[in-house]
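Some notes on the structure that comes next.
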Amino acid sequence: MTNVAEALRAAPRAQRLGEMLVRESKLSQRDLDQALAAQREMGDLLGRVLVRLGLLSETDVAQALAGQLEMPLIPAAEFPAEPVVVPGLSADYLISHGVLPLAVADGELRAAMAVPQDAFLCKALQLATGLRVRPALALESELHQALDRLYGEPAAEADADDEVDTFSGPLGADSEFVEHLKDLASEAPIIRLVNQLIARVVDLRASDIHLEPFDDGLHLRYRVDGVLQEAEVISSQLAAAASSRIKLLAHLNIAERRLPQDGRIKTRVKGHELDLRVSTLPTVHGESVVMRVLDRASIRLDLEAMGFAPDNLARYRDLIDRPHGILLVTGPTGSGKTTTLYASLAKLDAPSLKIVTVEDPVEYQLEGINQVQVLPQIGMTFAHALRSILRQDPDIIMIGEMRDTETAQIAVQSSLTGHLVLSTLHTNTAAGAITRLEDMGVERYLITSTVNGVLSQRLLRRLCPHCREPETLPEATLRKAGLDRLAAERELNLHNAHGCAHCKQTGYLGRTAIHELFVMDDAAHRAVLDGADATTLNQVARRSGMLTLYEDGLRKVAAGETSLEELLRVTQDQRGD
């Protein structure tokens, strides 16, 4: 194995692996050139770059690497069920260096590694243990899951006094100031503080953590069910250290405090796998840090459980079952558009269909679906990715967001050539998406030929079932709200928010969605070709049976799922006449 390491040092591994993949027809020369350019930009191993660009799966890369290194690829089923204790190696060292001991016997350590070709790591293991090292290859994702399970400790439950900072990313500068920041961020009180504020998201069901610096300290707020809730204020003395700790965990440059940065933290809290998207923004009082929480355990990929009214669900399922065309989902940031698209893809028959997504970022990984990460810094834009995706013979394409004219034009051409295209747009109403496509340069006749429908949605907080209280509204209020028309069809079951321990005194627990579904029928076709604006298109769709967001929300108010106050807060000027 030492000979293998010496041979790898003698010849550039990236080129050898790339040539092997091209020779085996797993990769085109053009894709290899693109990956090598990305590697020079990102400074990572070629295999990881290929996976991040979506050019190859992690398994394909690992199998090729195993053949190149002439060593076995260990599947997760062969990982030990219990930790293998190796004298001289701490759990922190194993986790931070990606080493999973498989067995110790006859003076030899068998270990699975993500980078077994690292001769320096193999030498360090040999010196630390006094054993001969026989490395094997394992999938990096499976390896880290096994290490967390066998040797890890949930961040929220670990004793901060025993924690060791294992960050080994680039700091961007070698100065006393940087080292001082790192020392502060590695102290037990700061580690405990950051662990606690991250752990709290599970109990609160929060979607975002906001740390905002002001004169009196670092203000901590959580977004719960779409509404920000204030928490404590962290003292000014700890503010810089807390921000630096988060930046270390997200592998950001802690020396750079003048420019915005983005990163990710993956951690386990109380049995939940959390993926935190970290964004920093310089302000006059320091760095504002926002962490977007992606809880893999909480996502619901079930259209029936997402709040669709039966009539809307039936019409929406008809749209996603069509073989080609464009289906758009619109709404502001945080309205659940991507989750709705994920749930739509989950309903499709992935084994018999080629489904490819292009996203920025890939929020949740879906089984059986090819997901591509956009990387604008190396030219991997939505439009560039879409052109390559069309050569992959897909049946269904999901575009994370239509941001520009080029992306919209490719989406239209894709639908015309027999593909079903799902995407999102930032518009306030469903009809508004049609005029937005016109603004992006798509001809009207192409819109009528390709767009099947547009779904607009918002998220409403549900009334807490433990403390909601029945409510009787005056006749004048019922008429003004439009509830008098529903009262003629059904019995009103109105409730309002009260507050209890279950809902943290907010009166609301969880969220549901309201929808506005615009279907491109014959009347809508004629209106679009006649150059109708969004208001006229909305009126045409309502005559065909479309309910507005407000009207769909009224049905949930009448059923006692939410309050009229919450509906008015969310829809505001979206009320229908």
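Only one of the listed residues (Gln365, Gln377) is in contact with a helix residue (DSSP H, G or I) (Cβ under 9 Å, 6 or more places away or on another chain) and open to solvent by 30 Å² or more (accessible area, probe 1.4 Å). That residue is Gln377.
When Gly453, Gly507 are checked against the criterion of being within 32 Å of the chain's Cα centre (by Cα), closer than 21 Å to Glu551 by Cα, small (Gly, Ala, Ser) and at pLDDT 90 or above, Gly453 stands alone in meeting it.
Among the numbered conditions (1) in a loop (DSSP other than H, G, I, E, B); (2) open to solvent by 60 Å² or more (accessible area, probe 1.4 Å), the only one that Gly418 does not meet is (2). Tell me whether region 422-435 contains one or more residues that are touching a Phe, Trp or Tyr at 6+ places or on another chain (Cβ under 9 Å) and open to solvent by 10 Å² or more (accessible area, probe 1.4 Å). Yes, region 422-435 contains a residue that is touching a Phe, Trp or Tyr at 6+ places or on another chain (Cβ under 9 Å) and open to solvent by 10 Å² or more (accessible area, probe 1.4 Å). As a summary of the residue check, Gln409 satisfies the conditions (1) assigned to a helix (DSSP H, G or I); (2) open to solvent by less than 40 Å² (accessible area, probe 1.4 Å) except for the one numbered (2).
Out of Pro154, Pro135, one residue alone is farther than 30 Å from Arg569 by Cα and at pLDDT below 70. It is Pro154.
Modelled with pLDDT of 85 or more and on the phi > 0 side of the Ramachandran plot: does that describe Gly172?
Details: modelled with pLDDT of 85 or more: no; on the phi > 0 side of the Ramachandran plot: yes.
Criteria not met by Gly172.
Pick from region 261-285 the residues that are small (Gly, Ala, Ser) and open to solvent by 20 Å² or more (accessible area, probe 1.4 Å): which of them is modelled with the highest pLDDT? Top of the filtered list is Ser279.
Within region 443-458, being in a strand (DSSP E or B) and of a type outside the set (Ser, Thr, Tyr) holds for Val451, Asn452, Gly453, Val454, Leu455, Gln457, Arg458.
Among the residues that make up region 311-331, is at least one of them more than 15 Å from the chain's Cα centre (by Cα) and over 23 Å from Gly400 (Cα atoms)? Before you say what the answer is, go through the steps one by one.
Going residue by residue through region 311-331, those that are more than 15 Å from the chain's Cα centre (by Cα) are 311-331.
Narrowing the set further to residues that are over 23 Å from Gly400 (Cα atoms) leaves 311, 314.
Checking region 311-331: at least one residue is more than 15 Å from the chain's Cα centre (by Cα) and over 23 Å from Gly400 (Cα atoms).
Restrict the check to region 247-257 and report whether at least one residue is over 17 Å from Gly510 (Cα atoms), among the aliphatic types (A, V, I, L, M), in contact with a Phe, Trp or Tyr (Cβ under 6 Å, 6 or more places away or on another chain) and buried (at least 17 other Cβ atoms within 10 Å of the Cβ).
We begin by selecting, within region 247-257, every residue over 17 Å from Gly510 (Cα atoms); these are 247-257.
Filter once more, so that each one left must be among the aliphatic types (A, V, I, L, M): 248-250, 252, 254-255.
Now drop any that are not in contact with a Phe, Trp or Tyr (Cβ under 6 Å, 6 or more places away or on another chain), which leaves 248.
Among the residues that remain, those that are also buried (at least 17 other Cβ atoms within 10 Å of the Cβ) are: 248.
Yes, the conditions are met somewhere in region 247-257.
Suppose the filter is touching a residue at least 60 places away in the same chain (Cβ under 8 Å) and closer than 23 Å to Gln365 by Cβ; does Ala62 pass it?
Working: touching a residue at least 60 places away in the same chain (Cβ under 8 Å): yes; closer than 23 Å to Gln365 by Cβ: yes.
Against the criterion (touching a residue at least 60 places away in the same chain (Cβ under 8 Å) and closer than 23 Å to Gln365 by Cβ), Ala62 qualifies.
Scanning region 227-246 for residues that are among the small types (Gly, Ala, Ser) and open to solvent by less than 30 Å² (accessible area, probe 1.4 Å) yields Ala239, Ala241, Ala242, Ser243, Ser244.
Output the residue which, of all residues in region 459-477 that are outside any loop (DSSP other than H, G, I, E, B) and open to solvent by 20 Å² or more (accessible area, probe 1.4 Å), is nearest to Asp521 (Cα to Cα).
Just the residues of region 459-477 that are outside any loop (DSSP other than H, G, I, E, B), to begin with: 459-463, 469-470, 475-477.
Retained after the next criterion (residues that are open to solvent by 20 Å² or more (accessible area, probe 1.4 Å)): 459, 461-462, 469-470, 475-477.
Numbers: Leu459: 27, Arg461: 32, Arg462: 33, Glu469: 42, Pro470: 41, Glu475: 37, Ala476: 37, Thr477: 35 Å.
Filtering region 459-477 for residues that are outside any loop (DSSP other than H, G, I, E, B) and open to solvent by 20 Å² or more (accessible area, probe 1.4 Å), the one nearest to Asp521 (Cα to Cα) comes out as Leu459.
Conditions (1) in contact with a Lys or Arg (Cβ under 7 Å, 6 or more places away or on another chain); (2) outside any helix (DSSP H, G or I); (3) modelled with pLDDT of 80 or more, marked per residue:
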position	(1), (2), (3)
Arg16	no, no, no
Ala35	no, no, no
Asp44	no, yes, no
Leu56	yes, yes, no
Val61	no, no, yes
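Total residues in region 549-577 satisfying the condition of being assigned to a loop (DSSP other than H, G, I, E, B) and at pLDDT 90 or above: the figure is 5.
Scoring Gly98 on the criteria (1) of a type outside the set (Lys, Arg); (2) on the phi < 0 side of the Ramachandran plot; (3) under 29 Å from the mean Cα position of the chain (by Cα) leaves a single failure, condition (2). Candidates His498, His525, His502: the one that is touching a Leu at 6+ places or on another chain (Cβ under 7 Å), more than 19 Å from Gln457 (Cα to Cα) and either assigned to a loop (DSSP other than H, G, I, E, B) or touching a residue at least 12 places away in the same chain (Cβ under 8 Å) (or both) is His502.
His272 passes every criterion in (1) without any contact (Cβ under 8 Å) to a residue 12 or more places away in the chain; (2) within 29 Å of Ile246 (Cβ to Cβ); (3) touching a helix residue (DSSP H, G or I) at 6+ places or on another chain (Cβ under 7 Å); (4) not polar (S, T, N, Q) apart from (1). Just one of the listed residues (Arg110, Arg52, Arg134) is out of contact with any helix residue (DSSP H, G or I) (no Cβ under 9 Å at 6 or more places or on another chain), among the basic types (Lys, Arg) and in contact (Cβ under 8 Å) with a residue 40 or more places away in the chain, namely Arg134. Taking the numbered list (1) under 23 Å from Pro332 (Cβ atoms); (2) in contact with a helix residue (DSSP H, G or I) (Cβ under 9 Å, 6 or more places away or on another chain) in turn, Thr448 passes all entries but (1).
Can you confirm whether region 540-548 contains a residue that is out of contact with any Phe, Trp or Tyr (no Cβ under 8 Å at 6 or more places or on another chain), β-branched (Val, Ile, Thr), open to solvent by 10 Å² or more (accessible area, probe 1.4 Å) and part of a helix (DSSP H, G or I)?
Keep residues of region 540-548 that are out of contact with any Phe, Trp or Tyr (no Cβ under 8 Å at 6 or more places or on another chain), which gives 540, 542-545, 547-548.
Imposing the further condition that a residue be β-branched (Val, Ile, Thr) reduces the set to 540, 548.
Filter again for open to solvent by 10 Å² or more (accessible area, probe 1.4 Å), leaving 540.
Adding the requirement that they be part of a helix (DSSP H, G or I) leaves 540.
Within region 540-548 (the criterion being out of contact with any Phe, Trp or Tyr (no Cβ under 8 Å at 6 or more places or on another chain), β-branched (Val, Ile, Thr), open to solvent by 10 Å² or more (accessible area, probe 1.4 Å) and part of a helix (DSSP H, G or I)), the answer is yes, since at least one residue qualifies.
Can you find, within region 436-458, the residue that is surrounded by the fewest Cβ atoms within 10 Å (Cβ to Cβ) among those that are more than 26 Å from Arg569 (Cα to Cα) and in contact (Cβ under 8 Å) with a residue 40 or more places away in the chain? Walk me through how you get there before you give the answer.
Taking region 436-458 as the starting set, the residues that turn out to be more than 26 Å from Arg569 (Cα to Cα) are 437-453.
With in contact (Cβ under 8 Å) with a residue 40 or more places away in the chain added as a condition, the list becomes 444-445, 447-448, 450-453.
Details: Arg444: 16, Tyr445: 11, Ile447: 22, Thr448: 17, Thr450: 20, Val451: 26, Asn452: 19, Gly453: 25.
Within region 436-458, the match that is surrounded by the fewest Cβ atoms within 10 Å (Cβ to Cβ) is Tyr445.
The values are calculated or read from the model by the stated rules, or taken from the named source; none is laboratory data. Here the structure is a predicted model, which is why all the values come from computation and not from measurement. Neighbour counts are summed over all protein chains in view; Cβ atoms, including those assigned to glycine, are modelled from backbone coordinates with ideal geometry. For accessibility, only protein heavy atoms count, side chains too; no ligands or nucleic acids. Shrake-Rupley method; radii C 1.70, N 1.55, O 1.52, S 1.80 Å.
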